[in-house]
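Asks: Got a structure for you, questions after.
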Amino acid sequence: MCPGIRPARHVAILMPFEVPESVYYRIIEHCRSCLPFEGCGLLAGTAGRVSVFYPMVNTEQSSSRFLMDPAEQFQVMRSMRESGMEMLGICHSHPDGPPYPSETDIRLAVYEDAVTLIVSFAGGGITVRAFRIAAGTVTAVPLRRS
């Protein structure tokens, strides 16, 4: 190694998570319709591009956590596979909380390749943010509406 030259550090470059405008507004409307509880759903597409939002039922009926019905989730995953799509993201809302994964969200995250999209209605506004959650580490992902 040459004196004064530092080795390159590996830096994760996260590509923006691109969501079509129509899908973006379907997500918000679904989550709004679930208030005062958390809304949830799955995002699917091909080649890393979201094309479909699958609204799901929050069986917890809770304002601080969500659980998708396993049978409904299995059916949606089968539909994705049969359509040649893959699950790209999981979305849910925080009716009163910030647009950041909660400790529960982090602890229960199992799909490390999927983006976690959070819709916050805190303070009467709407904020949508995207994250990757892997091994307990949360990384913000740029969100792009197209």
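Asks: So Leu35 passes all but one of these: (1) in contact (Cβ under 8 Å) with a residue 24 or more places away in the chain; (2) within 19 Å of Val138 (Cα to Cα); (3) not hydroxyl-bearing (Ser, Thr, Tyr). Which condition number does it fail?
Replies: Leu35 satisfies every listed condition except (2).
Asks: When you scan the range 125-139, how many residues do you find that are modelled with pLDDT under 90 and among the small types (Gly, Ala, Ser)?
Replies: So the answer is 3.
Asks: Shifting gears a bit: Please work out if Ile106 is closer than 21 Å to Phe17 by Cα, β-branched (Val, Ile, Thr) and at pLDDT below 90.
Replies: yes
Asks: Has the range 49-64 got at least one residue that is charged (D, E, K, R) and at pLDDT below 90?
Replies: yes
Asks: Suppose we filter the range 66-101 for residues that are surrounded by 15 or more Cβ atoms within 10 Å (Cβ to Cβ) and either closer than 25 Å to Pro16 by Cβ or among the hydrophobic types (A, V, I, L, M, F, W, C) (or both); how many remain?
Replies: Counting residues in the range 66-101 that are surrounded by 15 or more Cβ atoms within 10 Å (Cβ to Cβ) and either closer than 25 Å to Pro16 by Cβ or among the hydrophobic types (A, V, I, L, M, F, W, C) (or both) gives 20.
Asks: Okay, next question. What number of residues within the range 99-146 satisfy the criterion of being out of contact with any Asp or Glu (no Cβ under 6 Å at 6 or more places or on another chain), in a loop (DSSP other than H, G, I, E, B) and of a type outside the set (Val, Ile, Thr)?
Replies: 14
Asks: Further question: Quick one: count up the residues across the range 102-138 that are polar (S, T, N, Q), over 17 Å from Ser63 (Cα atoms) and surrounded by 13 or more Cβ atoms within 10 Å (Cβ to Cβ).
Replies: Final tally of qualifying residues: 1.
Asks: Counting only residues that are closer than 19 Å to Asp113 by Cβ and either in a strand (DSSP E or B) or at pLDDT 95 or above (or both), which one in the range 24-47 is farthest from the chain's Cα centre (by Cα)?
Replies: Thr46
Asks: If I filter the range 48-71 for residues that are assigned to a helix (DSSP H, G or I), within 13 Å of the chain's Cα centre (by Cα) and of a type in the set (Val, Ile, Thr), do I get at least one hit?
Replies: no
The values are calculated or read from the model by the stated rules, or taken from the named source; none is laboratory data. All figures in this text were calculated on a predicted structure; none of them were measured in a lab. Glycine also receives a Cβ, built like all others from the backbone with ideal geometry; neighbour counts cover every protein chain displayed.
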